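For reference, the structure is listed below as structure tokens.
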Amino acid sequence: MSKFYITTAIDYPSASPHMGHAYEKVCADALARWHRLKGEDVFFLTGTDEHGQKIERCAQRAGQKPQEFVDEMSKKFRELCQKLDISNDDFIRTTEERHIKACREIFKRVYDKGDIYKGRYEGLYCVDCECFFSQRDLVGGKCPVHDKEVEHLEEESYFFRMSDYREKVLEHIEKNEDFIQPKRRRGEIANRIKEGVRDLCISRSSFRWGIPLPMDEGHVIFVWFDALINYVSSLSYPTGAKFRKFWPADVHLIGKDILWFHSVIWPSILLAADMELPRSIFVHGFINVGGEKLSKSKGLTVDPLKVANLYGVDALRYFLLREIPFGEDGNFSEEGLVRRTNNDLANDLGNLVNRTLVMVERFAQSTVPSGKQDEELKKLALATVEKVDEALRKLEIGQAIAVIWELVRYANRYIERTAPWSLAEDQGRKGELSKVLYNLLESLRFIAILSFPFIPNGAEKIWGQLGMEEDLCRQKLDKLKSWGGIKPGAKVGNPQPIFPRIGNK
Ligand code: ME8
């Protein structure tokens, strides 16, 4: 069985989770669920990045010890995962012993190799990014990501000879077309590497909230060096069975602001530690609100938990996955979410399920009738499976959903075209009626399985109403290789609305 290891970035629990965090998890979850459907052995990791100066300052402001602060805040991220039906297999916290151990181990390995030396750092730093900047990186003298003043740092530090890995990393990026996706991001990074790569400051000595260096307790490991290691500490690097099975990661799913860390710094660390490089880095865009960046200070924030509680988890998941083109920035709006929910979930899918089940109840006593296969519907359904896979291989999550919805809409038109209510009135056309009902139920079986990675709640409800006995989450795509999985004679459930319409806002 082939394996699939997918990770999200680990979030800073410096404040409550925002819509960007929710978006990243939902995208990764859809991909993880799809690969499980394909029968792969999936390991899906997410977690929280809990050290560093930003967290230390936030804890101070909250009047708490850093550990107390992250214990409380990290819970909110875990709750977000539960609320959004994120099917992660593990949740790593960088303050856990298993992580600290692996992190010190890798640091020591790179140090023993001679790739770490002591020096003095003098330069600019954005505490919100936890990132060093040079003057030319700034926009209007401020951090380009946070639009805030940067700080001047001067302290004793250890440095990683990252410049020594420049050629190798560049070669890897240029040789492996799929390493950074979407492709245009690859060019950006390659150009930046060509402009030069400097050694990286990897320790801090002016504050305490971090992992002490194995060879110098007066320093803590730079939070990014620490954080990136989560991808292997969670697998019990270096000796764990999971490490042997799942490393290298198949996909690191991250936002566009942290691509340099993942495509240059992380591969350099791995090369220095004689470890394999991840297979690919998938880069998503940013979620904006009203066309502007999410920003606490400007009051531009959206709480994903509130939205999920108000409109339903599937409505939020569906909106994010369908509406935001993967790799591009996209806008979150409640109006957009309501429109998508009403049009696609309530009208198209909800009505298809409801009409079909009401007709099976009325015309077939809630029993799956036997009926010949409809060649057109069957052909479309089988082709849909291939098309969804093709779209997801290209990271076109919205397109994958659009393809499923073509099947949903076709099935709705099939009802209009065949008018089962008229067939029911004609004793001589009972065979035709059974055929239509059977084919509609069978398309719903396809639709439930195919839409499970995107809207797991709704898909489960459809599955339940179809009266299917096996668990939906145990289904595999090979159950969609042929038509006729739903068995004549089986009882279907009572028709219940699955996606209620949302009233006008
Ligand atoms: O960067 N829209 O943590 P983080 C979409 N701890 N995605 C967004 C976003 C937005 N508006 N804002 C942030 C960190 N993100 C580090 C990661 S990984 C070893 C360490 C994405 O909480 C961001 O791009 O600032 C990143 O992928 C993730 O959310 C966590 O961001």
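Couple of notes before you dig in:
- With respect to being closer than 24 Å to LYS54 by Cβ, within 15 Å of the ligand (Cβ to nearest atom) and surrounded by 18 or more Cβ atoms within 10 Å (Cβ to Cβ), LEU84 falls outside the description.
- The set of residues in region 18-45 being over 22 Å from LEU235 (Cβ atoms) and near the ligand (Cβ under 8 Å from one of its atoms) consists of HIS18, MET19, GLY20, HIS21, TYR23.
- Taken over region 326-349, the criterion of being under 17 Å from the mean Cα position of the chain (by Cα) and among the small types (Gly, Ala, Ser) is satisfied by GLY327, GLY330.
- GLU79, sole failed condition from (1) without any contact (Cβ under 8 Å) to a residue 60 or more places away in the chain; (2) in a helix (DSSP H, G or I); (3) acidic (Asp, Glu): (1)
- The residue that is nearest to the ligand (Cβ to nearest atom), among those in region 324-338 that are farther than 14 Å from GLY312 by Cα and of a type in the set (D, E, K, R), is ASP329.
- Every residue from region 226-264 that is crowded, with 18+ Cβ neighbours inside 10 Å, part of a helix (DSSP H, G or I) and near the ligand (Cβ under 8 Å from one of its atoms): ALA227, LEU228, ASN230, TYR231, ILE258, PHE261, HIS262
- Evaluation of GLY327 against (1) on the phi > 0 side of the Ramachandran plot; (2) surrounded by fewer than 16 Cβ atoms within 10 Å (Cβ to Cβ) (one fails), failing number: (2)
- Failed item, numbered, when ASN331 is tested on (1) at pLDDT 95 or above; (2) part of a helix (DSSP H, G or I): (2)
- Lone qualifier among ILE10, ILE55, ILE86 - being under 11 Å from the mean Cα position of the chain (by Cα) and of a type in the set (A, V, I, L, M): ILE86
- Set LEU450, LEU440, LEU477, LEU444: member being touching a residue at least 40 places away in the same chain (Cβ under 8 Å), within 20 Å of ILE404 (Cβ to Cβ) and surrounded by fewer than 19 Cβ atoms within 10 Å (Cβ to Cβ): LEU477
- Selection status of ASP90, of a type in the set (D, E, K, R), away from the ligand (no atom under 16 Å from the Cβ) and surrounded by fewer than 24 Cβ atoms within 10 Å (Cβ to Cβ): no
- Pick from region 1-22, criterion touching a His at 6+ places or on another chain (Cβ under 7 Å) and farther than 18 Å from GLU130 by Cα, ranking: surrounded by the most Cβ atoms within 10 Å (Cβ to Cβ): THR7
- Every pair of residues 6+ apart whose Cβ atoms lie under 6 Å, when the first sits in region 43-62 and is touching a residue at least 60 places away in the same chain (Cβ under 8 Å) and under 16 Å from ALA15 (Cβ atoms) while the second is within 15 Å of the ligand (Cβ to nearest atom) and in a strand (DSSP E or B): none
The values are calculated or read from the model by the stated rules, or taken from the named source; none is laboratory data. Predicted model, so just to flag it, every value in this text is computed and none were measured. Neighbour counts run over all protein chains shown; Cβ positions are idealised from the backbone, glycine included.
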